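Scroll down for the structure; my scribbles are underneath it.
What follows draws every value from the coordinates through simple rules; no lab data is involved. What you are looking at is a predicted structure, and each value in this text was computed from that prediction instead of being measured. Neighbour counts run over all protein chains shown; Cβ positions are idealised from the backbone, glycine included.
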Amino acid sequence: MKKITTSSLLEMKHKGEKITALTAYDASMSKLLNQCEIDIVLVGDSVGNVKLGYDNTIPVTVSEMLHYTKAVKRGNSSALLVADMPYLSYQLSIEEAKANAGRLIKEGGAEAVKIEGGLESANVVKALVDINIPVMGHLGLTPQSIYKMGGYSMQGKTPESQEKCITDAKILEGAGVFAIVLECIPEELARVITQKVKVPTIGIGAGAACDGQVLVLDDLLGLTEGKIPSFVKPYAQLRDTVVKAVQRYRKDVKNSDFPN
Ligand code: KIV
């Protein structure tokens, strides 16, 4: 299977070939995503709410990201492996950002890191790119700003915020990102940004005009408990499947039908 690199993604944008991305948090799922030829495997800090039981991504630490990145790395051979830099791992100083990103690359085995924010993160992006760490940007709904945003809601609804989003995308491109995640912004705004930047845009709740799409794997598989974002298309209902299988197992053990 062809190894996906940051250059492959750029090539795909030029050819008009859509880019596929999904999150993964362990080796077995990462192996399955490779088998399905997914282009980017993202160890998202969504691991905080999806696997660790936190309310949001704010508490996630570099050590936790390292642990999950190492696991995903063990199952990955073909996809571009991107790890999220968690909250406060890159905002305090450039030196700390370099050290933390370096750990995700050197110890975790990630091939790139993802950072949230536009203008405010541009210096960090540039500093990491300067030491040869590829960086993916993330604009629109940035979950690490949940308290500032007051919740998870569609961004880029006013002309001013749309202008800022376009400017931020250009700034990130100038700082050297190889791709930009656009989360929960109107489709038309995502289309404009996708046309204005040379690097691929990867949408999540941002419509079909982006160069690629990303989803949280557990949402796609129907494993997420409770409400999922309206833009998610569940391609399976694995929660139901798991519950039914475990109930059958329990019944069989109680009735001495397993093992038999
Ligand atoms: O943490 C994450 O899973 C993400 C994706 C939803 C883009 O940032």
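For the chain, adding -39500 (n - 2.57) for each run of n ≥ 4 DSSP H residues and dividing by the number of residues yields -12500 deg cm²/dmol at 222 nm.
How far is helix 6-15 tilted, in degrees, relative to the longest principal axis of the Cα atoms in the chain, given as a value from 0 to 90 rounded to the nearest 10? Taking the Cα atoms of the chain, the angle to 6-15 is about 80 degrees. For the chain, the alpha-carbon coordinates run over 66, 39, 39 Å along the three principal axes, in decreasing order. Taken one residue at a time, the phi angles of segment 24-31 give Karplus couplings (6.51, -1.76, 1.60, θ = phi - 60°) of 8, 10, 8, 5, 5, 5, 4, 5 Hz. Gly and Pro are set to x.
Using the alpha-carbon positions of segment 1-95, Rg (one decimal) and Dmax (whole number) come out as 14.3, 40 Å.
Taking Cα centre as origin and charging only the Cβ of basic (Lys, Arg, +1) and acidic (Asp, Glu, -1) residues, the dipole magnitude of segment 95-198 rounds to 100 debye. Overall, the anisotropy analysis places segment 58-194 in the prolate class: the square-rooted eigenvalues a ≥ b ≥ c of its C-alpha gyration tensor yield a/c not less than 1.5, with a/b exceeding b/c.
Working note: Karplus 6.51/-1.76/1.60 with θ = phi - 60° gives segment 99-112 the couplings 5, 5, 5, x, 5, 4, 7, 6, 8, x, x, 5, 9, 6 Hz, where Gly and Pro are set to x.
The value of relative contact order for the chain, using C-alpha pairs under 8 Å at least six residues apart, is 16 percent. Each of 124, 171, 52 was scored by the projection of its Cα onto the charge dipole of the chain, and the greatest displacement toward the positive side belongs to 52; charges sit on the C-beta of Lys, Arg, Asp and Glu.
In segment 6-220, with Lys and Arg counted as +1 and Asp and Glu as -1 at Cβ, which of these residues, 140, 87, 195, has the Cα nearest the positive end of the dipole, that is, farthest along it? Selected residue: 195.
Taking one equal scatterer on every alpha-carbon of segment 138-260, how large is log10 of I(q)/I(0) by Debye at q = 0.21 1/Å? Cα-only, vacuum Debye calculation for segment 138-260: -1.16. In straight-distance terms, cross-link reach from residue 2 covers every one of the lysines whose alpha-carbon lies under 24 Å from its own, apart from those fewer than eight places away in the same chain; here that gives 13, 15, 18, 31, 70, 73, 106, 114, 198. Database remark: amide H of residue 177 closer than 5 angstrom to no amide H (H placed geometrically; neighbours at sequence offset of 5 or more, or on other chains; Pro and chain starts carry no H). Computed from point charges on the beta carbon alone (+1 for Lys and Arg, -1 for Asp and Glu), the dipole magnitude for the chain about its Cα centre is near 620 Debye.
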